[in-house]
Ligand code: AMP
């Protein structure tokens, strides 16, 4: 695979697929620019070599074509500040205007295209649409790991129109770190899985059972395991149709000698809101009318003890409803423990995208773990052993 680091972009027009799917507030201001900052090294390398850059991305999930809320025009000024270059903007990603602006682009200049998903063809992976986009550059750079598990026009299909296909620094770092965890992990290796449902994470959990020494389970998926053990879970989130699966996972972990670690206690609430009444109960003893929204102090201590002894740590999914401050205590305590293991014991820690990445970034810990992935679904699929279309397109 060609990488940005060893490709010379002099006189080249790089069509760069980035993931600028950033959160905006009601005034269309960016509230978290992590994804934009992540692309700086790739863009700067291209400009420094003497190339120009055409940026393409999606933003949100527009349903019916152009929508003010999802316009990438809101990013033009912030991007100009971040890159130190006045960013040009094409109000339609495949219009004559876009072609003209791209053709007129000089070395050192940047053009941003309007939201790719204003065309349904993007998500459909339409070949003609991909070809139109391909006219806007002579090298394709894919730096959007977060959408690499989708066979969309700009993330995968477009690859066939280029002889020069290059993976960006974000893409490369994501792949390197995921591989490091799966292939070269130092032991003990602990995976911490949380989030709402087992069904989303079953494949990765099964794969991890072949790799890890300890598997910590937290978050909403705990309650399906609790049911499998015959526990009482009140009105906690659970997937009754996955109880058998949870039983099988418990058996598989035993058979493979994996230490499966579940919460000892839970903080439960009488309503799904931050100010609900709270009580801490033992696992499997949640009263009727109550729902488990966080792990309790005994679980925190147990999880921390395991994390402290680990040399490799993979964390995906919060330990509770961390969006409510009263139920974020478990998730924050695990973030603390992962940082400590990284800084004090030299553990390699990878935070796997999505909500666990937000939790770590919100706590200001982004720089204090080994790597925070920008890809949620893409990272999980890669770790499940699936081929990501966006990566395969770079290798073809
Ligand atoms: P996921 O996308 O699967 O990683 O799930 C993240 C979501 O799981 C977050 O929005 C959490 O609020 C939610 N979550 C975690 N623990 C619980 C729980 N005990 N009950 C309900 N939702 C939960």
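The numbers here are math on the coordinates, done by the rules we state, and not lab data. Note that this is a predicted model, so its numbers are computed, not measured. Here Cβ is always computed from backbone atoms with ideal geometry, including for glycine, and neighbour counts include all displayed protein chains.
Per DSSP H run of at least 4 residues, take -39500 (n - 2.57); add these up for the chain, divide by its residues and hand me the 222 nm value, nearest 500 deg cm²/dmol.
About -10000 deg cm²/dmol.
In degrees between 0 and 90, to the nearest 10, how far off the longest principal axis of the chain does helix 243-255 point, with axes built from Cα atoms?
Long axis of 243-255 versus the principal axis of the chain: about 80 degrees.
Classify the range 165-206 from the C-alpha gyration tensor, please: rounded if a/c falls under 1.5, else prolate or oblate depending on whether a/b exceeds b/c.
Cα axes put the range 165-206 in the oblate bin.
Starting from 0.36 nm per residue, how many nanometres of slack lie between residue 285 and residue 308 once their C-alpha separation is accounted for? Walk me through the numbers on the way to the answer.
Working: separation 23, 0.36 × 23 = 8.28 nm, distance 2.82 nm.
Contour length minus the Cα-Cα distance gives 5.5 nm.
Indicate the gyration tensor shape class of the range 243-369 (rounded, prolate or oblate), computed on the Cα atoms with a ≥ b ≥ c the square roots of the eigenvalues: a/c under 1.5 is rounded; otherwise a/b larger than b/c is prolate and the rest oblate.
It is oblate, given that a/c is not under 1.5 and a/b is not larger than b/c.
Which order, highest average first, do 78-90, 112-124, 281-293, 314-326 follow once you tally other Cβ atoms within 10 Å for each residue and take the mean per peptide? Before the final figure, lay out each step's value.
Numbers: 78-90: 16.7, 112-124: 21.5, 281-293: 18.5, 314-326: 23.6.
The densest-packed peptide leads the list: 314-326, 112-124, 281-293, 78-90.
Provide the gained length on full extension for the span residue 278 to residue 92, in nm with one decimal, where the gain is 0.36 nm per separating residue minus the Cα-Cα distance.
Using 0.36 nm per residue and subtracting the Cα-Cα distance, I get 61.8 nm.
Hey, for a label at residue 49 modelled as a point 7 Å past Cα toward Cβ, could you say which residues of the range 73-90 have their backbone N under 20 Å away?
83-85
Report, for the chain, the % of DSSP beta bridges that are antiparallel, rounded to 5.
So the antiparallel bridges amount to about 20 percent of the total.
I'd like the orientation of helix 169-183 relative to the chain: the angle between its Cα long axis and the longest Cα principal axis, in ° from 0 to 90, rounded to 10.
The answer is roughly 30 degrees.
Rounded, prolate or oblate: pick one for the range 4-172, where a ≥ b ≥ c are the square roots of the eigenvalues of its C-alpha gyration tensor, a/c under 1.5 means rounded, and failing that, prolate if a/b is larger than b/c, else oblate.
Because its axes are fairly even, with a/c under 1.5, the range 4-172 counts as rounded.
Within the range 47-64, list the residues whose amide N lies under 12 Å from a label point set 7 Å along Cα→Cβ of residue 107.
Label zone hits: 47-52.
When DSSP beta bridges are limited to those with both residues in the range 4-172, what percentage is antiparallel, rounded to the nearest 5? Show your work: numbers first, answer last.
Details: 1 of 19 bridges.
Once the DSSP bridges in the range 4-172 are tallied, antiparallel ones form about 5 percent.
Between residue 120 and residue 138, what is the label-point separation in nm under the 7 Å Cα-to-beta-carbon projection?
Taking the two extended label points, one gets 3.6 nm.
Order these peptides, 187-195, 61-69, by their mean beta-carbon neighbour count within 10 angstrom, highest first.
Highest-to-lowest ranking by the protection proxy: 187-195, 61-69.
So how far, in whole Å, is the C-alpha centre of the range 319-351 from the one of the range 69-131?
Here the two parts' Cα centres lie 38 Å apart.
Does anyone have the angle between helix 297-308 and the longest principal axis of the chain? Alpha-carbon axes, 0 to 90°, nearest 10?
Relative to the chain, helix 297-308 is tipped by roughly 60 degrees.
Give me the one-decimal nm value for the distance between modelled label points at residue 163 and residue 40, 7 Å along each residue's Cα-to-Cβ direction.
In this crude label model, residue 163 to residue 40 measures out at 3.6 nm.
For labels at residue 131 and residue 387 in the simple 7 Å Cα→Cβ model, what's the distance in nm?
Result for the modelled spin labels: 2.4 nm.
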